[in-house]
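A.B. asks: Before I ask anything, let me first share the structure, which is written out below as structure tokens.
Since every read-out is calculated from the coordinates, none of them should be taken as a lab result. As the structure is a prediction and not an experimental result, all values here were calculated from the model. Every residue, glycine among them, receives a Cβ derived from its backbone with ideal geometry; neighbour counts consider all protein chains shown.
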Amino acid sequence: MRFILVVVLALAGAPSFAQDQTLADIRQQLTMLAVEIQKLKRELSTTGVQDVTVQGSVLDRLDALEVEMQRLTAKTEQLEFRIGRVVKDGTNRIGDLEFRLVELEGGDVSQLGETSTLGGADLAAVAPEAPQPVQVPDGTQLAVGEKRDFDAALSSLEAGRFAQAADAFRAFRQAYPGSPFEPQALMGLGKALDGQGDTRSAARAWLDSYSGYPQSPVAAEALFRVGEALGRLDKPREACVTLGEVAVRFPGDPFVTEAEAARTALGCS
């Protein structure tokens with residue numbers, strides 16, 4: 001989506017061109033990727049520390065073990081998500097680098113086969129089984145404490161405690177990667193940052209909410225808020241383009257009216 005690229009460049013203040021890569025650049029990228037793989041392998045190795053002995057009554061020990069289980073469950077989910085993301089991204093990057101290496105060295109790129117998955121089949125064989133999430137009445141699967149932590153962050157935002165809310169939403173995203181509440185958490189983070197006067201960071205959070213989850217219940221609002229924030233950041237052209245996309249992508253949504261009002265205020269043609 002071209003308009004998203006325009007927004008990203010506007011928020012980053014980056015030039016809209018890319019430099020040609022040399023063969024040495026590509027080889028350096030491969031070396032860096034290998035280092036990241038080694039870091040992941042170290043994370044999958046045990047440290048040998050397995051002491052979870054708890055003193056006290058039976059109830060005390062049960063409570064302590066439950067807390068420890070919740071902590072380990074959350075940590076496992078974080079690592080599983082991170083590994084899956086690195087495998088997907090690393091596989092794509094290796095395929096791209098292989099293509100460019102063959103092209104630079106004068107080889108036949110049509111003979112390139114499909115890039116094997118980063119880590120190979122053995123990675124799936126040794127990966128720990130994902131913990132079973134909690135089943136809530138509406139059918140959504142949530143980790144232990146997920147809804148509670150999201151509601152706590154939302155309560156801080158609604159109470160106007162913006163710094164506390166921003167920290168809570170960041171902690172929520174770290175604790176529950178890939179959560180069904182991720183687009184709403186990004187929306188809340190943006191509002192909390194905006195409440196602190198950090199409009200640029202707020203716009204980035206809203207852009208992440210929209211671009212990552214364009215079908216979410218808050219996608220139209222996120223797109224509107226990106227456009228409105230760009231207007232406040234003295235980016236009227238990008239703001240007009242973004243606000244105009246709200247009606248195109250979400251016809252009939254209440255935020256279409258908000259977007260049109262903002263376009264009028266900016267004098268968009």
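A.B. asks: If I model a spin label at residue 164 and residue 81 as a point 7 Å from the Cα along the Cα→Cβ vector, what separation in nanometres do I get?
C.D. replies: Modelled inter-label distance: 2.4 nm.
A.B. asks: With θ set to phi - 60° and the Karplus curve 6.51 cos²θ - 1.76 cosθ + 1.60, what are the ³J(HN,Hα) couplings of the range 210-218 in order, to the nearest whole Hz, using x for Gly and Pro?
C.D. replies: 6, 5, x, 9, x, 9, 6, x, 9
A.B. asks: Moving on. Could the peptides 180-187, 151-158, 202-209 be put in order, highest first, of the mean number of other beta-carbon atoms found within 10 Å of their residues?
C.D. replies: With the highest mean Cβ count within 10 Å placed first, the list reads 202-209, 180-187, 151-158.
A.B. asks: Multiply the residue separation of residue 266 and residue 211 by 0.36 nm, subtract the distance between their alpha-carbon atoms, and state the gained length in nm to one decimal.
C.D. replies: 17.4 nm
A.B. asks: Further question: Just check the range 186-269 against the gyration tensor rule for me: Cα atoms, a ≥ b ≥ c as the square roots of the eigenvalues, rounded for a/c under 1.5, and otherwise prolate or oblate depending on whether a/b exceeds b/c.
C.D. replies: Working: a/c = 1.90, a/b = 1.11, b/c = 1.72.
In terms of gyration-tensor shape, oblate.
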